[in-house]
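The structure appears right after this line, and notes come after that.
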Amino acid sequence: MAALHPQIVHFTIVLTIVGVLFRLVSLLDRRWWVGPAAATLLIFAAASSVLSVRSGAAAHAPVERAPGARPAVMEHEEWGDRTQAILLVLGVIELAGLALRYWPRVRLVHGLAAVVGLGAVFAIYETGEHGGELVYAYAGGVGLRSGDPKDVERLLLAGYYHQAMADRAAGRTAQAIELVDAAAARFTSDPEVQMLAAESQLVDRKDPQAAIAALTRLQLPAGNRFMAFRKATLLADAYEASGRKPDAIAVLETLLKTFPNQRLQDRLESLRK
């Protein structure tokens, strides 16, 4: 059930928000179907909240083992439990409203449901906000959901890349080089990673000859327009940095025959001046 947590949670969110909206409308709109629709949605939201909490509990063990992630996991869980409690109360109120639907003052029950529903929407927001922080700030569950080791590898590569770019932007060139080299050593068969390493030779190490050598050896998948474009522009930059402007022009002219592009044409024109 852990792998289904994101899907189940989104069902709970939608059922709650739409159900509360219908309940609020039912207090003003006398059309016969609005109230029953609100009750149905909110009862299903209560049931869905139980599945959301259970699937989240099943998912949290490997996530909270990551250093520094435990407080974020616990806070998300606490808000999840609060949301479940509110939605279960709301579900009971809606069931009571159905049982008392012929009572002259049943609108009092619906009004109470609307108030509790607004509290449920707030709790849903807080739970989602803490869940988003867990995923995006702590990488909670990223790479782990499917159980496929390839997902963890992609997570590692993303970490290498983003931290290297952050180090480069902050002027920590040695650290950026170290991370890119580590990625290139681990992902030896990935042409995009090897292209990143060649770029690092040019940008971080200021060694255009090494970049040219690495890019010349690099074999790209056939028909990959983006990688062909990236390789050619990097190679042109490296040739220009090493004082070989005619070679840079030749690389771009060859690429333009296959992939016409205005930005590439502008770059070529600037080299010809």
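The values are calculated or read from the model by the stated rules, or taken from the named source; none is laboratory data. Predicted model only: the values in this text are computed from it and were never measured. Neighbour counts are summed over all protein chains in view; Cβ atoms, including those assigned to glycine, are modelled from backbone coordinates with ideal geometry.
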- Among residues of the range 22-33, those that are surrounded by 17 or more Cβ atoms within 10 Å (Cβ to Cβ) and among the hydrophobic types (A, V, I, L, M, F, W, C), counted: 2
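Okay, residues lined up against (1) among the basic types (Lys, Arg); (2) under 30 Å from Tyr138 (Cα atoms); (3) surrounded by 19 or more Cβ atoms within 10 Å (Cβ to Cβ):
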residue: Leu179; (1), (2), (3): no, yes, yes
residue: Ser200; (1), (2), (3): no, yes, yes
residue: Ala228; (1), (2), (3): no, no, no
residue: Leu234; (1), (2), (3): no, no, yes
residue: Leu256; (1), (2), (3): no, no, no
- Task: Can you tell me which residue among Gln209, Gln219 is outside any helix (DSSP H, G or I) and either modelled with pLDDT of 90 or more or outside the structural domain of Ala185 (by TED's automatic domain parsing) (or both)?
- Result: Gln219
- Message: Checking the condition assigned by TED's automatic domain parsing to the domain that holds Glu75 and either in contact (Cβ under 8 Å) with a residue 60 or more places away in the chain or within 28 Å of Glu64 (Cβ to Cβ) (or both), which residue from Gly159, Gly131, Gly143 passes?
- Response: Gly131
- Qualifying residues in the range 193-221 (those that are of a type in the set (D, E, K, R) and touching a helix residue (DSSP H, G or I) at 6+ places or on another chain (Cβ under 7 Å)) - the one nearest to Lys150 (Cα to Cα): Glu199
- Query: Which residues, taken from the range 145-178, are of a type in the set (Lys, Arg), in contact with a helix residue (DSSP H, G or I) (Cβ under 9 Å, 6 or more places away or on another chain) and modelled with pLDDT under 90?
  - Reply: Arg145
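Working carefully through the options Ala164, Ala170, Ala174, find the one that is farther than 17 Å from Val135 by Cα, surrounded by 14 or more Cβ atoms within 10 Å (Cβ to Cβ) and not acidic (Asp, Glu).
Working: Ala170 fails: surrounded by 14 or more Cβ atoms within 10 Å (Cβ to Cβ); Ala174 fails: surrounded by 14 or more Cβ atoms within 10 Å (Cβ to Cβ).
The conditions single out Ala164.
Take the range 181-191 and flag every residue that is surrounded by fewer than 18 Cβ atoms within 10 Å (Cβ to Cβ) and assigned to a helix (DSSP H, G or I). I'd like the intermediate steps shown before the answer.
Step one: list which residues in the range 181-191 are surrounded by fewer than 18 Cβ atoms within 10 Å (Cβ to Cβ), which gives 181-182, 185-186, 188-191.
Listed by number, the residues that qualify are Asp181, Ala182, Ala185, Arg186, Pro191.
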- Counted residues in the range 54-87 being surrounded by fewer than 19 Cβ atoms within 10 Å (Cβ to Cβ), at pLDDT below 80 and either among the hydrophobic types (A, V, I, L, M, F, W, C) or part of a helix (DSSP H, G or I) (or both) come to 3
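With buried (at least 21 other Cβ atoms within 10 Å of the Cβ) and at pLDDT below 95 as the only criterion, which of Gly117, Gly140 stands out?
Among Gly117, Gly140, only Gly140 is buried (at least 21 other Cβ atoms within 10 Å of the Cβ) and at pLDDT below 95.
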- Message: Restricting to the range 222-273, name every residue that is assigned to a helix (DSSP H, G or I) and free of Cβ contacts under 8 Å to residues at least 12 places away in the same chain.
- Response: Phe226, Pro246, Asp247, Ala250, Lys257, Gln262, Arg263, Gln265, Asp266, Glu269, Ser270
- Note on the structure: Per the list (1) under 25 Å from the mean Cα position of the chain (by Cα); (2) under 16 Å from Val92 (Cα atoms); (3) surrounded by fewer than 20 Cβ atoms within 10 Å (Cβ to Cβ), residue check on Pro36 breaks on (1)
